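What follows is a single structure, written as structure tokens, with notes after it.
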Amino acid sequence: MASNQGRTRRPAPRRTTRKPATQSQNGARNVEIIVNVSNRETRIALLEDRQLMEYRVEREERVVGSIFKGIVQNVLPGMDAAFVDIGLERNAFLYVADIIPDEGIGDNSPASLKRSELRRRKIKDLLKPGQQVMVQVTKGPRGTKGARVSTRVALPGRYVVLLPEANNVGVSRKIEERSERERLRRLGDVIVPQGFGLILRTECEGRTEAELKADIAFLQSLWGDVMKTAKRLRAPACVHKDQTLLFRTVRDMMGDDITQMVIDDPDEYEKVHLMAGMVAPSMRDKILLYDQDDPIFDNYGIEKELERLLQHKVPLKSGGSLVVDEMEALTAIDVNTGKQVGTTSLNETILKANFEAAEEALRQLRLRDMGGIIVVDFIDMESADDKKKILNFFTDGLTKDRARTRVGRVSSLGLVEITRKRTGESVTQEITEICPMCEGVGRISSKETVSLWIERDMWRKMGDAGNAFLVECHPSVVEALIGLDGENVEELEHELRKGIFIRANFDMEYEEYEITSGTIEEFDRVQMGFRRAQVLECNVRRSAFDNVNRIVGWTDNGYFVELIDGAEFVGHRAKVCLQDIRRSYAVADVILPGVAAPR
């Protein structure tokens with residue numbers, strides 16, 4: 001007998017007993033990295049003393065850090081920039097200051113040029129249309145903007161960043177002890193390879209010459225491979241893909257301050273263990289395989305925290321709140337006192353509220369991975385001393401942030417301006433999309449995000465009786481669940497070892513869905529009244545995915561049909577002939593157009 005628990009708008013995590021890492025005996029923070037891996041995404045959460053501080057998600061191959069062999073398309077003297085075709089959907093933007101001249105290293109290299117000299121260079125003297133250039137993506141595509149690129153390639157390792165075609169040695173600003181900075185700078189001058197520059201990262205603090213040399217040797221070998229690939233491939237082409245999110249996490253975050261990393265996928269656990277042996281051998285014992293029945297993010301209380309990640313309003317313990325608005329030009333964080341009242345003076349109440357707001361704003365910067373210009377509108381403070389206290393607190397808090405940041409002064413209106421290095425979309429932008437109803441005024445969870453909620457809910461229902469699931473959801477989400485050529489649903493059936501029947505429910509809202517447990521036999525009987533070469537009618541539409549050029553059809557009972565042709569029939573009903581039939585979708589030819597389809 002099929003069973004369900006009604007429509008669902010968001011996954012409701014079960015209450016589970018957590019088994020956190022043992023609290024440090026010396027009062028140090030308990031820092032855990034929790035990794036959830038599925039066939040369509042990798043999610044990584046950083047917990048500090050059991051509180052979610054950072055969250056990253058990877059669903060597609062990231063382009064930031066990747067190296068391309070491109071072709072200059074347009075040179076724009078008025079903007080001192082050029083557009084470069086690197087093989088992506090939109091041309092990349094290359095600014096004049098990010099170009100290394102052809103003459104390469106020497107007295108004229110960017111490393112030895114002053115800012116005023118850089119500004120005097122003209123783009124038309126450096127690039128011509130049709131010219132081939134090797135570039136690295138420094139900022140990913142965002143909205144209608146293409147990627148930003150630079151010819152100054154940087155290869156990050158565990159301890160150093162190797163800079164081909166540069167001649168400078170730098171030390172991370174986050175290493176503050178003067179004697180250690182001087183030691184590292186002297187060491188860097190000795191070990192930097194000829195023809196390269198070097199940046200000594202924060203993680204190299206206290207490291208030996210042998211450790212740094214090993215890191216450099218690995219990066220030199222990598223650069224050699226990049227150059228060989230570039231010679232072999234025709235532009236535009238990607239000659240080096242940046243590492244996966246999980247690899248970068250091990251490389252950049254697995255330090256002595258990490259208590260443990262817990263991974264819920266055996267294959268990825270083995271890869272990470274091997275990877276750690278190369279880049280962080282002392283960390284291998286801290287990498288654990290999660291082997292409990294409850295989903296890992298449920299067990300650590302992360303799923304519930306993520307539900308609040310998309311909220312416009314962030315509550316504070318005192319009764320106040322932050323209101324976060326991410327816009328194209330900047331991000332605004334407004335501080336509201338709410339019901340908070342002081343016990344002594346108004347100034348004390350305001351200062352206390354601003355301290356609490358500053359602490360939460362610092363967390364939200366990291367958690368949402370906000371970049372660009374961020375303006376925090378604190379409650380107005382009359383005392384210059386109070387303003388200084390808040391600014392110092394905020395500045396000190398940003399030292400824990402791995403992203404590069406700068407803080408301005410507190411204005412007379414209580415505004416603090418922060419710049420935080422942006423490398424792509426924020427977490428919110430990555431897992432949501434523009435609302436089609438208000439055309440950009442608001443955002444809703446993306447179709448991929450909702451489809452992944454459904455996947456996780458199916459895993460939670462694995463204990464239900466039966467060997468199949470019937471899923472009803474919004475048509476756009478159906479497409480995301482099925483995937484191109486059915487690859488998502490087929491992979492999911494293999495992992496769950498259950499049959500999956502997906503149908504569109506045209507009355508459901510975007511974030512609404514229903515999962516019913518049952519048997520393949522009973523769902524076959526009710527849902528699969530189709531046969532090969534059968535002719536039926538469906539409404540012809542374009543795919544819900546803007547970057548996919550395909551035409552789809554929907555039967556009246558919500559069965560998804562991928563059409564081999566039929567672009568001229570979009571917006572109409574048409575008769576189609578089924579060629580291939582699966583539980584969740586079919587492939588068909590359009591054989592006869594019909595009347596205009598209902599909207």
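The values are calculated or read from the model by the stated rules, or taken from the named source; none is laboratory data. Bear in mind the structure is a predicted one, so any value in this text is a computation, not a measurement. So basically every Cβ, Gly included, is an ideal-geometry build from the backbone, and we count neighbours across all protein chains shown.
Only residues that are outside any strand (DSSP E or B), under 23 Å from K421 (Cβ atoms) and of a type in the set (D, E, K, R): list them for the stretch 46-94, please.
The answer is R59, E60, E61, R62, D80, R90.
Could you say whether any residue in the stretch 397-409 is at pLDDT below 90, more than 24 Å from S172 (Cβ to Cβ) and polar (S, T, N, Q)?
no
Going residue by residue through the stretch 261-268, is there one that turns out to be under 30 Å from D457 (Cβ atoms) and more than 21 Å from the chain's Cα centre (by Cα)? If you could, list the steps in order and put the result at the bottom.
Filtering the stretch 261-268 for residues under 30 Å from D457 (Cβ atoms) gives 261-268.
Imposing the further condition that a residue be more than 21 Å from the chain's Cα centre (by Cα) reduces the set to 266-267.
Yes.
Which is touching a Leu at 6+ places or on another chain (Cβ under 7 Å), in the same structural domain as V489 (by TED's automatic domain parsing) and among the polar types (S, T, N, Q), of S451, S446?
Working: S446 fails: touching a Leu at 6+ places or on another chain (Cβ under 7 Å).
On inspection, the qualifying residue turns out to be S451.
Mind listing whichever residues of the stretch 6-49 are farther than 17 Å from P295 by Cα and at pLDDT 75 or above?
R29, N30, V31, E48, D49
Only one of V272, V335, V314, V324 is buried (at least 19 other Cβ atoms within 10 Å of the Cβ), under 30 Å from Y159 (Cα atoms) and touching a residue at least 12 places away in the same chain (Cβ under 8 Å); which?
Numbers: V335 fails: under 30 Å from Y159 (Cα atoms); V314 fails: under 30 Å from Y159 (Cα atoms); V324 fails: under 30 Å from Y159 (Cα atoms).
Just a single option satisfies the conditions, and that option is V272.
In this structure, is D264 more than 30 Å from T138 (Cβ to Cβ) and in contact with a Phe, Trp or Tyr (Cβ under 8 Å, 6 or more places away or on another chain)?
It is true that D264 is more than 30 Å from T138 (Cβ to Cβ) and in contact with a Phe, Trp or Tyr (Cβ under 8 Å, 6 or more places away or on another chain).
Based on what the data block shows, is L346 farther than 21 Å from R56 by Cα and hydrophobic (A, V, I, L, M, F, W, C)?
Spelling it out, L346 is indeed farther than 21 Å from R56 by Cα and hydrophobic (A, V, I, L, M, F, W, C).
Only residues in the stretch 399-426 that are free of Cβ contacts under 8 Å to residues at least 24 places away in the same chain count as the first member; pair them with residues that are among the acidic types (D, E), Cβ under 6 angstrom, at least 6 apart or cross-chain, and list the lot.
That search, which allows pairs on different chains as well, returns G408/E417.
Being buried (at least 16 other Cβ atoms within 10 Å of the Cβ) and modelled with pLDDT under 90 narrows it down to one of V250, V239, V226, so name that one. Please lay out each step first, then the result.
Details: V239 fails: modelled with pLDDT under 90; V226 fails: modelled with pLDDT under 90.
Among V250, V239, V226, only V250 is buried (at least 16 other Cβ atoms within 10 Å of the Cβ) and modelled with pLDDT under 90.
Mind checking which strands (runs of 3 or more DSSP E) fall wholly inside the stretch 521-594 and carry at least 3 residues that are on the phi < 0 side of the Ramachandran plot and modelled with pLDDT under 85? Explain how you work it out, then say what you get.
Values: elements: 535-542, 551-554, 560-563, 572-581.
Fully inside the stretch 521-594 and qualifying: nothing.
V250 fails exactly one of the following numbered conditions: (1) within 21 Å of V57 (Cα to Cα); (2) among the β-branched types (V, I, T); (3) touching a strand residue (DSSP E or B) at 6+ places or on another chain (Cβ under 7 Å). What is the number of that condition?
Result: V250 fails condition (3) only.
Residues that are outside any helix (DSSP H, G or I), at pLDDT below 90 and more than 21 Å from R56 (Cβ to Cβ): does the stretch 349-371 have at least one?
no
Which condition breaks for V376 when tested against (1) in a helix (DSSP H, G or I); (2) in contact (Cβ under 8 Å) with a residue 24 or more places away in the chain?
Unmet for V376, out of (1) in a helix (DSSP H, G or I); (2) in contact (Cβ under 8 Å) with a residue 24 or more places away in the chain: (1).
Condition first: more than 18 Å from the chain's Cα centre (by Cα) and over 17 Å from V31 (Cα atoms). Now tell me which residues in the stretch 281-310 satisfy that.
Here is the first cut: in the stretch 281-310, the residues more than 18 Å from the chain's Cα centre (by Cα) are 281-296, 298-301, 304.
Hits for the stretch 281-310 are P281, D291, Q292, D293, D294, P295, D298, K304.
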